[in-house]
Each structure stands twice: as structure tokens, then as C-alpha cells.
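What follows is a short report on a single structure.
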Amino acid sequence: MSVEENKAVARRFNAEAWNNGDLALVDELLAPGFVNHEATSARSNDREGFKRVIARVRAAVPDVQFAIADMVGQGEKVATRVTVSGTRDGQPIGCTGIGVVRVVDARIVEQ
């Protein structure tokens, strides 16, 4: 796949899984052997664990939005800088973050 196609996968994951809460998309875009290197010992580092992370974040901040500020890619890797915003307990929240994914055959194999 081209770098642009890999970036499109990362873009779609942010828009549909994080912003829309589409957990079915996790199975579509994350490879069966997906590994989340951000997971702690308290969380599983596979697709099911990642679904739980998304669900927990969206339960705490139902209007959470991940806005892509920058995205660069090289080969199989795509780095994305996001601005995260939402409302929790009536108060606006926000932060920025950077994630790097590796995309193989239109699926994210690791983050």
C-alpha cells in the first residue's frame, strides 16, 4: 500500500472509531494480531483491550473528538498528532497527543 493509503486508514480510525465510537470498525481496521504498545499491565494490548479503552474514554467524555493536526507517513508507519477535546462533568477538557501506527494490507498491526 502507498503512504497515502496508510494515512487514509489512520484517518478513518480516528474519525470513525474514536470520534463516532464505532467499535465494529476496530475489528475491521485492526489486524487480528494487533499489538498496542501503550497498554499497561492493567490493560490487554490486543484489539479487545483497545475496544475497552475507546468505550471507557467515550463513556467518560461522550462528545470526545480527536482532531488531526498533523500527519506524516513513511513506508508502513503513520504518525499522527491530534488535539483531543470534549466535555466531562460539564467542564471542557483537552489535550494533545501523538500516535504512531504501522499499517499492513490496509490494517493497523501495531501502535
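Two-decimal Rg/Rh of the range 66-111 from alpha-carbon positions, Kirkwood Rh?
1.13
If you stretched the chain out fully between residue 84 and residue 11, how much longer would it get, using 0.36 nm times the residue separation minus the C-alpha to C-alpha distance? Intermediate values should be presented prior to the final figure.
Values: separation 73, 0.36 × 73 = 26.28 nm, distance 1.43 nm.
So the extension gain works out to 24.9 nm.
Using a 1.4 angstrom probe with every protein chain in place, what is the largest-first accessible-area order of 96, 80?
Largest accessible area first, the residues go 96, 80.
Rounded to the nearest 500 deg cm²/dmol, what is the calculated helix-only ellipticity per residue at 222 nm for the chain, with -39500 (n - 2.57) per DSSP H run of length n ≥ 4?
Values: 3 runs with 30 residues, N = 111.
The per-residue figure over the chain is -8000 deg cm²/dmol.
Any chance you could give the angle, 0 to 90 degrees and rounded to 10, that helix 3-12 forms with the longest Cα principal axis of the chain?
Compared with the principal axis, the helix lies near 30 degrees.
The values are calculated or read from the model by the stated rules, or taken from the named source; none is laboratory data. On a predicted model such as this, the values are computed, not experimentally measured, just so you know. Each accessible area value is taken on the protein alone, full model and side chains, heavy atoms only, with ligands, DNA and RNA left out. Shrake-Rupley method; radii C 1.70, N 1.55, O 1.52, S 1.80 Å.
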